[in-house]
């Protein structure tokens, strides 16, 4: 009974929503749209705090070290699965120092080439790379990013050699790709839809298992000659480790309700983001699966920061 009463009165003060990336990234608008709706539902401010740096680790550590009182919510991407294999010391354990709440979104990457590229399909690109072995370059937003790892997985699946050119963010990488200074890159599809639609860059395939609703004309890598290729990213919600179950359940149920609210759903459509929710246990299963997948890729490619 005391537990139920505590959950009913929660939250009774502002809630902090930690985003481990600077403003303007893919996670920022998701957090702000969701936080705004939760604030309306709770009658309490939901304050978004951007704590970027160290590939998401600074924000994750801040969330993990916050009091487990229900007043800190944390949004994470697949960096929780990859960073344990990239950094010698995180300062936190993703599986024990953060309490899962629900998955939020899923989004795919897309393989892009300059308009001047001779490749107009995945098969043509692979043939071009094999003919010019060791001469084809690929850009990424930085070493260890999901786009970098996606390219390494693609190299292995296609049996080709590509030279990595890391940048400080996706914007500079995309600019150099459009200028023809690099030959290919993987990018999150929502972030480059405007360039694809404007025709300033050529999309060859998305990396998800199935085509995405807002870009149905772009084929998948899997259907383009590499069966089974599937790389998706997305956001999940966490709270600090040892947060009481009644608070976790309350946030879970209210987040699911907020994501089902039509104005929120439309805002997510507007930013080309697909909503997906889950149980807390399914978040953990997803995280472990991603750790197994990317840990192997990082080890095989000998990727070090």
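No value in this document is a laboratory result; all are computed from the given coordinates. This one's a predicted model, so the numbers in the text were calculated from it and none came from an experiment. Every residue, glycine as well, gets a Cβ built from its backbone with ideal geometry; the counts of neighbours run over all protein chains shown.
Looking only at Cα atoms, what is the convex hull volume of segment 20-154 per residue, in Å³?
Working: hull volume 19.4 nm³, N = 135.
Here the figure is 144 Å³ per residue.
Could you work out how far helix 245-260 tilts from the main Cα principal axis of the chain, as a 0 to 90 degree angle to the nearest 10?
With both axes taken from Cα atoms, the answer is about 60 degrees.
With springs only between Cα atoms under 10 Å, which of 55, 35, 171 fluctuates most in a Gaussian network model of the chain?
Among 55, 35, 171, the largest mean-square fluctuation in the Gaussian network model of the chain belongs to 171.
On a 0 to 90 degree scale, rounded to 10, what angle separates helix 146-158 from the longest Cα axis of the chain?
So the inclination is approximately 40 degrees.
By average Cβ neighbour count within 10 Å, what is the ranking of 109-116, 89-96 from highest down?
Order by mean packing, descending: 109-116, 89-96.
For the chain, what is the mean residue ellipticity at 222 nm derived from helices alone (per DSSP H run of n ≥ 4: -39500 (n - 2.57); sum divided by total residues; nearest 500 deg cm²/dmol)? Please report the intermediate quantities before stating the final value.
On the way: 11 runs with 127 residues, N = 305.
It comes out at -13000 deg cm²/dmol, rounded to the nearest 500.
Taking 8 Å as the Cα distance limit and 6 or more residues as the minimum spacing, I'd like the relative contact order of the chain as a percentage. Kindly include the intermediate steps, with their values, before the conclusion.
Working: 571 pairs, mean separation 82.3, N = 305.
27 percent.
Based on the mean of other Cβ atoms within 10 Å per residue, sort peptides 178-185, 40-47, 59-66 so the most packed one is first.
Values: 178-185: 18.8, 40-47: 14.2, 59-66: 21.2.
Peptide ranking by packing, descending: 59-66, 178-185, 40-47.
Using the basic label-point model (7 angstrom from Cα toward the beta carbon), what is the residue 95 to residue 168 distance in nanometres?
3.6 nm
In degrees from 0 to 90, rounded to the nearest 10, what is the angle of the helix 27-42 Cα long axis to the longest principal axis of the chain?
Around 20 degrees separate the two axes.
Under the rule a/c < 1.5 gives rounded, and otherwise a/b versus b/c splits prolate from oblate, where does segment 176-305 land using the Cα gyration tensor?
Values: a/c = 2.22, a/b = 1.40, b/c = 1.59.
Cα axes put segment 176-305 in the oblate bin.
Based on alpha-carbon centroids, what's the gap between segment 176-241 and segment 246-284 in Å, whole number please?
Here the answer is 23 Å between Cα centres.
For residue 123 and residue 261, what is the calculated FRET efficiency with R₀ set at 41 Å and r taken between the beta-carbons, to the nearest 0.05?
Values: r = 43 Å, r/R0 = 1.05.
In this case the efficiency is close to 0.40.
Using 20 Å bins from zero, what percent of all Cα-Cα pairs in the chain falls into each bin?
33, 55, 12, 0
Among 51, 242, 265, which comes first, second and so on when ranked by fewest other beta-carbon atoms within 10 Å?
Numbers: 51 19, 242 10, 265 14.
The fewest-first ordering by Cβ neighbours comes to 242, 265, 51.
Is the C-alpha gyration tensor of segment 107-224 telling us rounded, prolate or oblate? Criteria: a/c under 1.5 is rounded; beyond that, a/b larger than b/c is prolate, otherwise oblate. Spell out each step's value before the answer.
Values: a/c = 1.29, a/b = 1.12, b/c = 1.16.
In terms of gyration-tensor shape, rounded.
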